[in-house]
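Peer 1: Mind looking over this structure? Questions follow.
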Amino acid sequence: MNMTISRNTIILLIACTGVFVEALDIAILNLSIPLIQKQFSVNTGTVQWLQTLYVLLYGSFLIIGGKLSDVSGRKRVFLVGIALFFLASIGAGFSASFGQLAGFRALQGLAAALVMPSALSLITNTFTELTARSKAIALFSSFAAIGSGSGLSLGGIIATYAGWQWVFFINVPVLLLIGGLAIHYIPADPVHRTRRTPDLLSGALLAFTLLLITYGVHTIGQPASPLWHQFVLIGLIVLSIRWLRFRTVQQTDPLIDVSLLQAPNTLTGLGVTFLLGAFFTGFLFVQSITLQQYMGYSAARAGILLFPFSLLSAVVGKLLIPALLRRMAVFQMGILGMSMMTVGAVALIGSLQLGYPLWLLLISVACISGFGMAICFTSLTLLVIADIAVEHQGLASSVGTTAYFLGGGLGLSILSLLMPSETDVANGLIWPAVGLLVYAVVGVTWLGMHAYVKRRQSSKQDKHLLETIDDVL
């Protein structure tokens, strides 16, 4: 009995550490960006590809990773993801050019898409009793939140005192350790000979389509881009979208069953989650550049400055969120969260306009990283699955996570068009900050319209019920 508990605990720690590294790597690079720009002599619009490639590959293959875990075995997929992340981290640290670094960063995103769902599957299949499973999943989620929250601070300190390469090298011993433990402690996967192979081509096609769209955002309309090049790019985007749509309709086991996601709550939740990803990924990017390039902070000092807000987010998640859930509807919580994002974006614009007063920037960080993100992510996740049958809520939740990362990739690419050029630094980051404000306002408006429609529908139903009662009486 003791041996079983010990093995289960080790499996839980293996899965939690794996997702910690994956979550850490989303944020850890942000405060290293100015150092990478300096070494490879690339502009802000180019360096953002390091984040865009990671989140796009992550989001595109996340559902495939989950389905592969079911078909090929959760242990096998987890180990492949860990091995790929291990190799990509070494390659990124030794990159001699920006192109090499971007390529290895994309591989990290692909690896994360394998690690995340397989790690969760390890937990749900190891802890079969409901209470134990709930506690294990809560610990798993907290490791993901801690990794994401500590990434900025840890990345800034490492980049300053050891060099940006160690932002990647720090993964290597951790991945080596959990890979070895996984081989020894995780039981062999059961053999399933009747399960259908997931639609890998659709996953690759989704990633290719999104990369084409992202590349198109950068090139279409630029004077240096020839007209024929723009027409070819638009044609490829249209063809890839139509092919992806065709495969979704024709496949007996499609990558995403669109019919499950057509409920109003789900559509609204997915749409605003996409905007949340665009907003928060862009905010981290703009915040990093503001602190270092415009306010003169070192990466380490910036990281230490932001660390308390990671703790604030954890406190909000632990204490405030449960209280809000008892007192507010889910969509009302979403409106509150996106309103906090809007206030934070306004404070950021004010800081940029008024000569970078630190107190105003910290208000922005508190509203967004401290309160808004925790409230938004919880409420939107619940909104996505509100109308979904229990047996399909796992898929809907995965699609919600995918929407968040795809929003991060595409939204950051759009913001990069608003970044100041080499010859126009006087305006700083005002326009990217305005772009963030637009994302937040659209999100609040969308949720507000959804709430208005639900209220009208409820009012009509109540009126119809009263008329029916009158007829009966």
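Peer 1: Check off (1) modelled with pLDDT under 80; (2) part of a helix (DSSP H, G or I); (3) farther than 29 Å from ASP387 by Cα for SER259 and give me the number that stays unchecked.
Peer 2: Exception for SER259: condition (3).
Peer 1: Let me ask another. Considering only residues that are at pLDDT 85 or above and crowded, with 24+ Cβ neighbours inside 10 Å, which ones fall in segment 29-46?
Peer 2: Listed by number, the residues that qualify are LEU29, SER32, ILE33.
Peer 1: Ok, one more. Which of the residues spanning segment 232-258 are more than 21 Å from LEU201 (Cβ to Cβ) and loosely packed, with under 12 Cβ neighbours inside 10 Å?
Peer 2: Filtering segment 232-258 down to residues more than 21 Å from LEU201 (Cβ to Cβ) leaves 232-234.
The answer is VAL232, and nothing else.
Peer 1: Which of the residues spanning segment 340-364 are crowded, with 20+ Cβ neighbours inside 10 Å and over 25 Å from PHE377 (Cβ atoms)?
Peer 2: Matches in segment 340-364: LEU352 only.
Peer 1: Just need a number here: residues in segment 419-439 that are outside any helix (DSSP H, G or I) and modelled with pLDDT of 65 or more. Don't jump to the end; show me each part of the working.
Peer 2: We begin by selecting, within segment 419-439, every residue outside any helix (DSSP H, G or I); these are 419-429.
Right, trim to modelled with pLDDT of 65 or more and you get 419-420, 428-429.
Count: 4.
Peer 1: LEU325 fails exactly one of the following numbered conditions: (1) of a type in the set (A, V, I, L, M, F, W, C); (2) surrounded by fewer than 24 Cβ atoms within 10 Å (Cβ to Cβ); (3) over 15 Å from SER379 (Cβ atoms). What is the number of that condition?
Peer 2: Only one criterion is unmet by LEU325, namely (3).
Peer 1: How many of the residues in segment 236-275 are β-branched (Val, Ile, Thr) and in contact (Cβ under 8 Å) with a residue 60 or more places away in the chain?
Peer 2: Of the residues in segment 236-275, the ones β-branched (Val, Ile, Thr) are 237-238, 241, 248-249, 252, 256, 258, 266, 268, 272-273.
From the residues that got through so far, the ones that are in contact (Cβ under 8 Å) with a residue 60 or more places away in the chain too are 256, 266, 268, 272-273.
Of the residues in that region, 5 qualify.
Peer 1: Scanning for something part of a loop (DSSP other than H, G, I, E, B), more than 21 Å from VAL174 (Cα to Cα) and at pLDDT below 85, does segment 4-14 turn up at least one residue? Even if it seems obvious, please write down each step before you answer.
Peer 2: So the first thing to find is which residues in segment 4-14 are part of a loop (DSSP other than H, G, I, E, B), and the list is none.
There is no residue in segment 4-14 that is part of a loop (DSSP other than H, G, I, E, B), more than 21 Å from VAL174 (Cα to Cα) and at pLDDT below 85.
Peer 1: Under 17 Å from ALA302 (Cβ atoms) and either touching a His at 6+ places or on another chain (Cβ under 6 Å) or in contact (Cβ under 8 Å) with a residue 24 or more places away in the chain (or both) - does that describe any residue in segment 373-386?
Peer 2: The first filter runs over segment 373-386 and keeps only residues under 17 Å from ALA302 (Cβ atoms), leaving none.
Checked against the condition, which is being under 17 Å from ALA302 (Cβ atoms) and either touching a His at 6+ places or on another chain (Cβ under 6 Å) or in contact (Cβ under 8 Å) with a residue 24 or more places away in the chain (or both), segment 373-386 yields no hits at all.
Peer 1: What is the number of the single condition among (1) of a type in the set (Gly, Ala, Ser); (2) modelled with pLDDT of 90 or more; (3) farther than 30 Å from LYS38 by Cβ that GLY350 does not meet?
Peer 2: So GLY350 meets the others, but not (3).
The values are calculated or read from the model by the stated rules, or taken from the named source; none is laboratory data. Because the structure is predicted, anything quoted here is derived from the model rather than measured. Using ideal geometry, Cβ is built from the backbone for each residue, glycine included, and neighbour counts are taken over all protein chains shown.
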